[in-house]
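First comes the structure, then the notes that go with it.
The values are calculated or read from the model by the stated rules, or taken from the named source; none is laboratory data. Only a predicted model underlies this, so the values are computations on that prediction, with no experimental measurement involved. Counting neighbours? That spans all protein chains shown, and the Cβs are built from the backbone with ideal geometry, glycine included. For the accessible areas, the whole protein counts, side chains as well, though only heavy atoms, and no ligand, DNA or RNA atoms are used. Shrake-Rupley method; radii C 1.70, N 1.55, O 1.52, S 1.80 Å.
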Amino acid sequence: MQFSMRQILTLILIIFHEMVLNLAWAQDNEPIAFARIRIEGVQVPEEPALPYNRLMTFLLKNLEDVEITNAYYPTARGFLLFEHGKVDCVFPGDTNSLNPPFDIIVSEHFNMADAYLFNLAKEPLNEHNIKGKKLALLRGYVYGGNYTILTHNQVVTVNNSTSAMSMLQLGRIDAFADYYLDLKRNLPPVMFEQLNYDKATPITSVKDRLICQSSDKTQKLINEINLLIVKMKQDGSLKQLLGNYYGYVDNN
């Protein structure tokens, strides 16, 4: 049997259309891939009692018909994977630190956090008086995209808050950048109370959210999560769940 050129072209178009439909169906039915940002003492693998692990567990338990995959990454790598479309969502995320080439949707914010420069001297430091000062930054942190801090010409990178504190005590740095709530959880109270910081001038203030690449399935996810977060704020369960990592109060 011979086919005319018109019939062949029609057959090709039908096959192509079926392929597109099958691809769309497969994408719609794939799990939503999360980049979970590693935060010492807040969200790391295998520690379910940490605040953001508890929050995510609660949210996922109360979602309907949503399949999620999780992987934990340092901040910079997790944000980069999201911006390159390798994952669907990042948790927690800050819109000021992201510049993806696609449309995004964001959840209701579920926490707030301020970062400062911490030192041992009597004069507190901020981004306006650090000329000639040696700073330590935590590896993978982007500090809300603060250009002055990230491009400072005397910077060392450390793995965690404890290492930064050790370098400060040894006089190897003048200050280190960290988030108040994170640092207070990760240092012993006696050690934390030795530190000075400019309470009026944080180097960044962020509102933590779930941020996703816009799609039908992520919009459904965000809608459900927003309902949960609003309810948790209203009934006090968010504050109870986050404990001393709850940032909607005067934490200074």
Complete set of residues in the stretch 222-231 that are free of Cβ contacts under 8 Å to residues at least 12 places away in the same chain and farther than 9 Å from SER107 by Cα | LEU227, LYS231
Being open to solvent by less than 60 Å² (accessible area, probe 1.4 Å) and of a type in the set (Asp, Glu) is the filter here, so list the residues in the stretch 201-252 that pass it.
-> ASP208, GLU224
Given the conditions (1) within 25 Å of the chain's Cα centre (by Cα); (2) open to solvent by 70 Å² or more (accessible area, probe 1.4 Å); (3) not hydrophobic (A, V, I, L, M, F, W, C), which single one is not true for TYR141?
-> (2)
Starting from the stretch 108-133, keep only residues that are under 15 Å from ILE173 (Cα atoms), then list their pairs with residues that are assigned to a strand (DSSP E or B) and of a type in the set (Phe, Trp, Tyr) whose Cβ atoms are within a distance under 7 Å, requiring at least 6 positions of separation or different chains.
-> PHE118/PHE176
Scanning the stretch 63-103 residue by residue, the ones that are surrounded by 19 or more Cβ atoms within 10 Å (Cβ to Cβ) and either within 23 Å of ASN226 (Cβ to Cβ) or free of Cβ contacts under 8 Å to residues at least 12 places away in the same chain (or both) total 12
